[in-house]
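Visitor: I'd like to ask you about the structure that follows.
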Amino acid sequence: MKKGSKLRILFYALGVLTLLAGIWGFVLRFTVGERGANYGSYIPWGLWVAMYLFFAGIAAGGYMIASMEYLFRIKLFNGTGKVALWVALVTLPIGLLTIGMDLGHMERIWKVFLNPSFGSIMAQMVWGYSIFFIIILVSLWVVIRKPQAKLIKPLFIVGVLLSIFLSGGVGAFLGVNASRVFWHVGLLPAQFPFFSLASGVAVLLLVLGWLAPDGDGNRTKQLRALGLMTIVLAFIKLFFLFTDFSQSLYAGVPDNVEAVRAILFGEGWWLFWFIQIGLGTVLPIIILWIPKIGQNRFWAGAMGLLVLVGFAVARANIVVPGLLVPEFQGLSSAFQGPHLSNTYIPSLMEWLVVSGGVGIGILVFLIGAERLPLWLTKSTQTPEAEV
């Protein structure tokens, strides 16, 4: 990165500000506990679970993108693998941090390691993410220290398979809940690997567009390729949305219809139509389709950011609507209390904790991007790579 550049300074300032806000959120979380969150008995998951899906998806997608250089040996992606791995290494702990804040007894996490039940999807995910973090760390160390090592290919084969398994596992974790009709569809686990890949492509667009040096002269071609990948993956995402929502509405299952209508026409309708679809999907498709604009570093980075924001909203639109519909009719009116409600808006504490995670991620990424040999130079090119 160019030291002293305005974008670099802006990102450092953003990281510091969001981290400072997050520190207060962490203090609240560890002093008042989950009482400061707006979810409760009827809606037990909220913003933190959605952001776990978001950051873990970026980590899995980042590893998939790194495999373009180190597993599939695509010459165009030379110089992108290390920074994609660094993105994965930074974002995975942030995702686990946000889901950790959601746990009522965080101190009991050790039980899943010492006394696991591997028939549980949750245990599989915890062990899977732990192994995946080690694989990311080893992968980054090997490609930096021993770029010609024979270990790279088998390591990335395992890593890519694990990233797909973990992405699909998140969908399965929701989908096996038969009492929640909105999640209980076979397509849900199949969608998440595509979402992860799209998140990885978007974050690389952002990094290469706004923060990366010029590299070996292929930056324009790389941005164009990533832009086209973003467009294709956006249409795949729209296809999944259409098939899911159309079948739900056509089938007429009351709980499912109510959840879909809550997304399309409920209080948060503008999040779906304006942020997730408008800014996060349609606008990037239009901008990135135009070669002269889509190859521009500023616009490519901006579209990457918008796609990421859209995916963050999309994660919330998967988690929350599935919980808004009462499992028993009349339940919300039978018992009343501060945490007995079928409505959900994240509290200030929830937003502050997410802000802290974002701040940590931004600052750690920037420091690593400056101090680690992540960027392509003449001495670090991989001449054996081929299309």
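The values are calculated or read from the model by the stated rules, or taken from the named source; none is laboratory data. Nothing here was measured: the structure is a model prediction, and the numbers come from that model. Heads up, the Cβs are rebuilt from the backbone with ideal geometry, glycines too, and the neighbour counts pull from every protein chain shown.
Visitor: Go through (1) over 24 Å from residue 299 (Cα atoms); (2) part of a loop (DSSP other than H, G, I, E, B); (3) touching a Lys or Arg at 6+ places or on another chain (Cβ under 9 Å) one by one and return the number of the condition residue 104 breaks.
Guide: (3)
Visitor: Take residue 112 and tell me if it is touching a residue at least 12 places away in the same chain (Cβ under 8 Å) and crowded, with 23+ Cβ neighbours inside 10 Å. Steps first, answer last, please.
Guide: Details: touching a residue at least 12 places away in the same chain (Cβ under 8 Å): yes; crowded, with 23+ Cβ neighbours inside 10 Å: no.
No, not satisfied.
Visitor: Considering only region 1-23, state which residues are surrounded by fewer than 14 Cβ atoms within 10 Å (Cβ to Cβ), at pLDDT below 95 and in a helix (DSSP H, G or I).
Guide: Within region 1-23, 6, 9, 10 qualify.
Visitor: Out of curiosity, is residue 307 without any contact (Cβ under 8 Å) to a residue 60 or more places away in the chain, in a helix (DSSP H, G or I) and assigned by TED's automatic domain parsing to the domain that holds residue 187?
Guide: Details: without any contact (Cβ under 8 Å) to a residue 60 or more places away in the chain: no; in a helix (DSSP H, G or I): yes; assigned by TED's automatic domain parsing to the domain that holds residue 187: yes.
When the stated conditions are applied, residue 307 does not pass them.
Visitor: For region 156-272, give me every one of the helices (runs of 4 or more DSSP H) that falls completely inside it and has 3 or more residues that are farther than 27 Å from residue 369 by Cα, at pLDDT 95 or above and within 21 Å of the chain's Cα centre (by Cα).
Guide: Details: elements: 187-210, 219-251, 254-265.
Once the helices (runs of 4 or more DSSP H) in region 156-272 are filtered for at least 3 residues that are farther than 27 Å from residue 369 by Cα, at pLDDT 95 or above and within 21 Å of the chain's Cα centre (by Cα), what remains is 219-251.
Visitor: Here is a follow-up. What number of residues within region 24-66 satisfy the criterion of being in a helix (DSSP H, G or I) and under 22 Å from the mean Cα position of the chain (by Cα)? Break it down stepwise before answering.
Guide: Our first condition is that a residue be in a helix (DSSP H, G or I); within region 24-66, this holds for 24-36, 47-66.
The next check asks that each one be under 22 Å from the mean Cα position of the chain (by Cα); those that pass are 25-26, 47-66.
Result for region 24-66: 22.
Visitor: Please indicate, with yes or no, whether at least one residue in region 213-228 is in contact with a Leu (Cβ under 8 Å, 6 or more places away or on another chain), of a type in the set (Lys, Arg), in contact (Cβ under 8 Å) with a residue 60 or more places away in the chain and surrounded by 20 or more Cβ atoms within 10 Å (Cβ to Cβ). Please lay out each step first, then the result.
Guide: Kept after step one, since they are in contact with a Leu (Cβ under 8 Å, 6 or more places away or on another chain), are these residues of region 213-228: 215-216, 218-219, 221-223, 225-228.
Subsequent filtering for residues that are of a type in the set (Lys, Arg) retains 219, 221.
Pick out the ones that are also in contact (Cβ under 8 Å) with a residue 60 or more places away in the chain and you get 219, 221.
From what's left, surrounded by 20 or more Cβ atoms within 10 Å (Cβ to Cβ): 219.
Yes, region 213-228 contains a residue that is in contact with a Leu (Cβ under 8 Å, 6 or more places away or on another chain), of a type in the set (Lys, Arg), in contact (Cβ under 8 Å) with a residue 60 or more places away in the chain and surrounded by 20 or more Cβ atoms within 10 Å (Cβ to Cβ).
Visitor: Residue 379: at pLDDT 75 or above, assigned to a helix (DSSP H, G or I), outside the structural domain of residue 98 (by TED's automatic domain parsing) and polar (S, T, N, Q), yes or no? Can you show your working first?
Guide: Numbers: at pLDDT 75 or above: no; assigned to a helix (DSSP H, G or I): yes; outside the structural domain of residue 98 (by TED's automatic domain parsing): yes; polar (S, T, N, Q): yes.
Spelling it out, it is not the case that residue 379 is at pLDDT 75 or above, assigned to a helix (DSSP H, G or I), outside the structural domain of residue 98 (by TED's automatic domain parsing) and polar (S, T, N, Q).
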